[in-house]
Amino acid sequence: MLYLQQISSLTTGVTVKNLEHIDKYPKMKLPIICFHFGGPPLPDVSNTAIEDLVLNDLPSGSVGDIQNLQNEEQCYPLQEMMTFKLSSLQITPGVYYIGLFNGFGPIRTQSKMINRGSAYSFTANITVEGCLNPRMWGEYCNRAVDDLSMEQSNGRYNEIVESIAYRNYSRTICRQKFDVDAYALTVMEPVQQVRITAKNISEASRNSREFSIMLYARYNALPDKISHDYATDISEDPLVIQLPRAGVWYFAIEPVFKSNVQQGMQKGNIEPCYLVEWEVIACMQEKAVSNCTWKQHVLQAIPYQNQIVYLPDRGNVSSESVDFYLEPYLSKSSYGNGHGSDNGWTYFLLYTEQGTEGYNTHIQLTSDTKLSYGLYVRFGGLPSLDMWDFSYLDQTSNSNNNSMFKLYDTSQEGINLYILYPTAGLWIIGLRHPVHLNNQSSPQTMMTISTDTCPNQCSGHGKCVFKKDLSESADYSYCSCDRNYGGFDCSVTLLSKAEQRLQVIFLIASNAAALLPAFKVFQQKAFAEWVIFMSSGISSALYHACDVGSWCALSYSVLQFMDFWLSFLAVVSTFVYLTIFSETAKRTIHTAAAIITALIAQSGATRSNNIIIVLSIGALAFLLGWLIQLCTRCKSFSFPVGSSLKITERWQSSKDQLLGLMMAIYRYFRWGYVLLGVIAMSMAAISWIKEASETYWIWHSIWHISIYTSAFFFICSKAKTQNVDNQEAPAAASYELTRQESFARV
């Protein structure tokens with residue numbers, strides 16, 4: 001389908017200020033939106049992509065309105081309202097992936113104990129306008145695209161000469177209004193050349209001397225004067241497209257005058273007529289280029305375990321093999337390469353299927369001796385010395401700055417290449433090599449081509465995660481790195497050994513602060529609380545030892561659950577300890593708290609609002625205990641029926657009782673320790689807020705010390721353990737004796 005335009009609007013909760021200084025904004029905290037044709041975007045694969053983000057600032061005077069989008073990956077800073085308007089000349093038909101990233105850089109894929117920072121919501125609306133008929137174009141879809149592939153030849157070659165095939169298409173054109181004619185030519189396979197010429201130009205047109213036939217060519221989209229891949233005056237010289245990509249090529253032919261003055265005088269008087277001829281030159285019998293003397297092999301996709309391997313269609317390849325020897329498949333001729341008589345080319349063609357764009361294509365060459373190959377990769381067309389998407393000659397001469405390709409562990413004896421999120425379709429691998437290699441007595445070079453999940457198996461420092469996109473139409477995979485590593489493939493070391501040891505010491509040793517409240521409750525013979533505090537400190541130390549990559553006593557998920565569960569339970573236990581519940585009631589509350597906090601830790605341990613929920617539960621238990629005590633005290637405020645006490649005396653007695661309760665509460669706590677506990681808890685709250693990826697280890701260590709110290713001070717603030725009612729027993733007895741005497745007088 002030829003699209004007229006695509007309009008996308010995006011509403012987010014993002015507010016990024018000072019766009020004119022976007023290059024100074026921390027990349028890890030900058031929310032961005034990225035576009036990529038054919039596969040998911042990866043904004044932090046290479047330095048080029050990161051630099052482009054800074055350069056791709058929004059146009060001045062058009063905030064939130066982006067008017068251009070090329071096939072390469074592009075990223076823009078997110079704003080509260082964004083609109084993308086793209087015409088058919090700015091986009092090509094195919095699958096576009098849109099990615100939203102809450103920051104980018106190596107730290108983006110690093111695993112974190114707790115994710116801090118802003119969370120954003122968004123809504124998107126995408127409208128695509130196009131012609132229902134795939135061969136119509138124009139603003140009102142009223143102009144036809146002449147499909148050259150529907151020629152009577154039915155795709156067959158008109159002439160074959162020594163393995164070289166020629167296919168010809170022609171059109172005779174006469175236009176009085178100088179309209180633009182559009183044509184489509186479908187190239188179904190890799191061909192050598194497409195040649196377009198204009199012949200038999202009418203004599204009246206030729207005599208004008210100012211008449212030209214402009215031809216614009218573009219791959220996979222309609223061309224014009226501005227957007228095109230090739231342009232030439234075919235009335236003077238033919239247009240030659242060497243090694244065109246397989247797919248649909250569109251051509252626009254426009255007769256024009258070279259002089260604007262003569263254009264107005266003569267345009268209505270001249271009806272130019274001419275013959276335009278397209279010639280497609282290809283090779284037959286699995287040959288390619290160089291007078292059709294070099295070999296090309298179509299690889300077959302074979303499912304193997306959890307991946308897809310590509311093997312030659314013929315040859316001595318075992319059905320259980322995932323690789324093959326190169327030498328038997330190499331070209332023997334070096335005809336016409338122009339770069340020495342001892343070098344030839346061999347091509348391998350593989351087709352990646354729809355739905356595999358979220359995975360990676362892995363190409364590997366290994367040899368017992370020094371490799372003598374130049375590796376060239378191109379999408380849709382045969383690669384050459386001048387046309388390729390990726391090239392590798394040796395360790396010092398390669399195009400590894402391309403964000404779609406990534407080299408690993410390359411040496412003189414091996415090449416290890418990944419094509420990241422490749423576009424579905426035809427990919428061609430070209431090997432330039434000395435022609436004598438296929439004459440070796442024993443093959444020496446193995447080649448492996450497969451579709452893998454995560455690049456380089458996440459470098460051994462992470463795990464591969466599989467997900468579906470939001471439309472549920474495509475799968476994709478990515479690396480979730482260990483604590484000390486980052487990058488899209490977990491190859492970036494974020495923590496050195498010294499830094500790792502320092503963080504291990506701080507995060508583990510800071511849990512020794514749990515000994516303070518544990519010692520105090522043990523001294524008070526509160527053994528249940530002692531077990532909870534000791535278990536909390538130990539589990540936290542074990543969890544952080546595993547989290548920073550030092551040592552894992554149990555699985556990571558079990559350690560994380562134990563750490564958060566016991567921490568939540570310790571908070572609730574501290575509040576319960578400060579109440580005046582009976583031992584039976586405390587055991588009941590501890591059991592209920594253990595169940596509730598376990599559910600919280602299991603359903604989402606690292607959620608930020610968990611600490612608020614746990615503090616609320618503890619505070620509720622604390623208030624409930626004192627509310628029960630208050631209700632108990634209120635019973636003493638009632639007076640027997642027939643009491644002769646005056647209202648004022650009753651009121652005064654109630655005031656005395658309430659004052660006595662308040663004084664009992666005042667004496668129940670040591671308020672100096674309460675103040676110290678509040679200060680320590682405030683420090684814990686500050687450290688909780690300050691936690692970030694870069695400084696997490698220091699602030700979380702302070703959190704350990706602060707929260708356990710605050711628990712210690714609050715426990716120390718409990719001055720007495722006896723029931724508050726006992727403190728007022730003498731006053732109550734005195735009051736009862738006075739009441740009895742008053743009845744006696746009656």
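The values are calculated or read from the model by the stated rules, or taken from the named source; none is laboratory data. Please read these numbers as outputs of a predicted model, since none were measured by experiment. Cβ sites come from the backbone with ideal geometry, for glycine too, and all protein chains shown count toward neighbours. What goes into the accessible areas is simple: the full protein's heavy atoms, side chains included, and nothing from ligands, DNA or RNA. Shrake-Rupley method; radii C 1.70, N 1.55, O 1.52, S 1.80 Å.
Name the single residue, out of those in the range 423-435 being surrounded by fewer than 23 Cβ atoms within 10 Å (Cβ to Cβ), within 23 Å of residue 395 (Cα to Cα) and of a type outside the set (A, V, I, L, M), that is modelled with the lowest pLDDT. Reasoning before the result, please.
Pass one, the range 423-435, residues surrounded by fewer than 23 Cβ atoms within 10 Å (Cβ to Cβ): 423-426, 432, 434-435.
Right, trim to within 23 Å of residue 395 (Cα to Cα) and you get 432, 434-435.
Then keep just the ones that are of a type outside the set (A, V, I, L, M); that gives 432, 434.
Working: 432: 90, 434: 85.
Filtering the range 423-435 for residues that are surrounded by fewer than 23 Cβ atoms within 10 Å (Cβ to Cβ), within 23 Å of residue 395 (Cα to Cα) and of a type outside the set (A, V, I, L, M), the one modelled with the lowest pLDDT comes out as 434.
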For the range 518-548, which positions are open to solvent by less than 50 Å² (accessible area, probe 1.4 Å) and in a loop (DSSP other than H, G, I, E, B)? 526, 548
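Yes/no matrix, rows are residues, columns are (1) closer than 22 Å to residue 562 by Cβ; (2) touching a helix residue (DSSP H, G or I) at 6+ places or on another chain (Cβ under 6 Å); (3) open to solvent by 70 Å² or more (accessible area, probe 1.4 Å); (4) modelled with pLDDT of 80 or more:
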residue: 606; (1), (2), (3), (4): yes, no, no, no
residue: 626; (1), (2), (3), (4): no, no, no, no
residue: 644; (1), (2), (3), (4): no, no, yes, no
residue: 649; (1), (2), (3), (4): no, no, yes, no
residue: 654; (1), (2), (3), (4): no, yes, no, no
If you take the residues of the range 178-216 that are aromatic (Phe, Trp, Tyr) and modelled with pLDDT under 85, which of them is nearest to the chain's Cα centre (by Cα)? 178
Which of the residues spanning the range 439-473 are surrounded by fewer than 19 Cβ atoms within 10 Å (Cβ to Cβ), in contact with a strand residue (DSSP E or B) (Cβ under 7 Å, 6 or more places away or on another chain) and in a loop (DSSP other than H, G, I, E, B)? 443, 444, 469
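Residue by residue, here is whether (1) of a type in the set (Lys, Arg); (2) under 26 Å from residue 187 (Cβ atoms); (3) touching a residue at least 24 places away in the same chain (Cβ under 8 Å) holds:
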{"site": "386", "(1), (2), (3)": "no, yes, no"}
{"site": "396", "(1), (2), (3)": "no, no, no"}
{"site": "399", "(1), (2), (3)": "no, yes, no"}
{"site": "407", "(1), (2), (3)": "no, no, no"}
{"site": "418", "(1), (2), (3)": "no, no, yes"}
{"site": "422", "(1), (2), (3)": "no, yes, yes"}
{"site": "436", "(1), (2), (3)": "no, no, yes"}
{"site": "452", "(1), (2), (3)": "no, no, yes"}
Check on residue 419, modelled with pLDDT of 90 or more, β-branched (Val, Ile, Thr), open to solvent by less than 20 Å² (accessible area, probe 1.4 Å) and touching a Gly at 6+ places or on another chain (Cβ under 7 Å): no
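Conditions tested, residue by residue: (1) touching a Phe, Trp or Tyr at 6+ places or on another chain (Cβ under 7 Å); (2) at negative phi; (3) modelled with pLDDT under 85.
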site: 530; (1), (2), (3): yes, yes, no
site: 534; (1), (2), (3): no, yes, no
site: 545; (1), (2), (3): yes, yes, no
site: 563; (1), (2), (3): yes, yes, no
site: 567; (1), (2), (3): no, yes, no
site: 575; (1), (2), (3): yes, yes, no
site: 579; (1), (2), (3): yes, yes, yes
site: 590; (1), (2), (3): no, yes, yes
Residue in the range 380-402 that is of a type outside the set (Val, Ile, Thr), closer than 22 Å to residue 74 by Cα and under 17 Å from the mean Cα position of the chain (by Cα) present: no
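If only one of 391, 384 is part of a loop (DSSP other than H, G, I, E, B), small (Gly, Ala, Ser), at pLDDT 80 or above and within 23 Å of residue 329 (Cβ to Cβ), which one is it?
Working: 391 fails: part of a loop (DSSP other than H, G, I, E, B).
Being part of a loop (DSSP other than H, G, I, E, B), small (Gly, Ala, Ser), at pLDDT 80 or above and within 23 Å of residue 329 (Cβ to Cβ) holds for just one of 391, 384, which is 384.
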Per the filter on the range 284-301, residues open to solvent by less than 60 Å² (accessible area, probe 1.4 Å), modelled with pLDDT of 85 or more and not basic (Lys, Arg) are 294, 296, 297, 299, 301
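Take the conditions in contact with a Cys (Cβ under 7 Å, 6 or more places away or on another chain) and assigned to a helix (DSSP H, G or I) and apply them to residue 479. Does it pass? Please lay out each step first, then the result.
Numbers: in contact with a Cys (Cβ under 7 Å, 6 or more places away or on another chain): yes; assigned to a helix (DSSP H, G or I): no.
Judged against the criteria, residue 479 is not a match.
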Among what's in the range 217-256 and is charged (D, E, K, R), surrounded by fewer than 21 Cβ atoms within 10 Å (Cβ to Cβ) and under 39 Å from the mean Cα position of the chain (by Cα), pick the residue that is farthest from residue 136 (Cα to Cα). 229
Tally time: how many residues in the range 179-197 are under 16 Å from residue 277 (Cα atoms) and open to solvent by 20 Å² or more (accessible area, probe 1.4 Å)? 4
Expected single match for farther than 25 Å from residue 184 by Cα, open to solvent by less than 40 Å² (accessible area, probe 1.4 Å) and modelled with pLDDT under 80 among 341, 333, 318 is 333
Hey, among 540, 477, which residue is modelled with pLDDT of 90 or more, within 22 Å of residue 107 (Cα to Cα) and not basic (Lys, Arg)? 477
Filter the range 656-696 down to residues that are of a type outside the set (A, V, I, L, M, F, W, C), within 30 Å of residue 103 (Cβ to Cβ) and at pLDDT 75 or above, then give me how many there are. 6
Yes or no: residue 565 of a type in the set (A, V, I, L, M, F, W, C), more than 19 Å from residue 524 (Cα to Cα), open to solvent by 20 Å² or more (accessible area, probe 1.4 Å) and more than 39 Å from the chain's Cα centre (by Cα)? no
Can you tell me which residues in the range 213-254 are of a type in the set (Val, Ile, Thr), under 18 Å from residue 193 (Cβ atoms) and assigned to a loop (DSSP other than H, G, I, E, B)? 234
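So, of the residues in the range 480-504 that are among the acidic types (Asp, Glu) and modelled with pLDDT under 85, which turns out to be surrounded by the most Cβ atoms within 10 Å (Cβ to Cβ)? I'd like the intermediate steps shown before the answer.
Quick first cut of the range 480-504, residues among the acidic types (Asp, Glu) only: 482, 489, 499.
Then keep just the ones that are modelled with pLDDT under 85; that gives 482, 499.
On the way: 482: 22, 499: 14.
The selected residue is 482.
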Which one is farthest from residue 94 (Cα to Cα), of the residues in the range 127-146 that are in a strand (DSSP E or B) and either at pLDDT below 75 or among the acidic types (Asp, Glu) (or both)? 146
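Give me a count of the residues in the range 486-501 that are part of a strand (DSSP E or B) and under 16 Å from residue 43 (Cβ atoms). Full working, then the answer.
Here is the first cut: in the range 486-501, the residues part of a strand (DSSP E or B) are 486, 492-493.
Checking the rest, the ones that are also under 16 Å from residue 43 (Cβ atoms) come to 486, 492.
Residues that pass the stated criteria total 2.
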Return the total of residues in the range 586-604 being touching a residue at least 24 places away in the same chain (Cβ under 8 Å), open to solvent by 30 Å² or more (accessible area, probe 1.4 Å) and more than 21 Å from residue 707 (Cβ to Cβ). 2
Would you please name the residue that is most open to solvent (accessible area, probe 1.4 Å), looking only at residues in the range 344-381 that are at pLDDT 90 or above and assigned to a loop (DSSP other than H, G, I, E, B)? 359
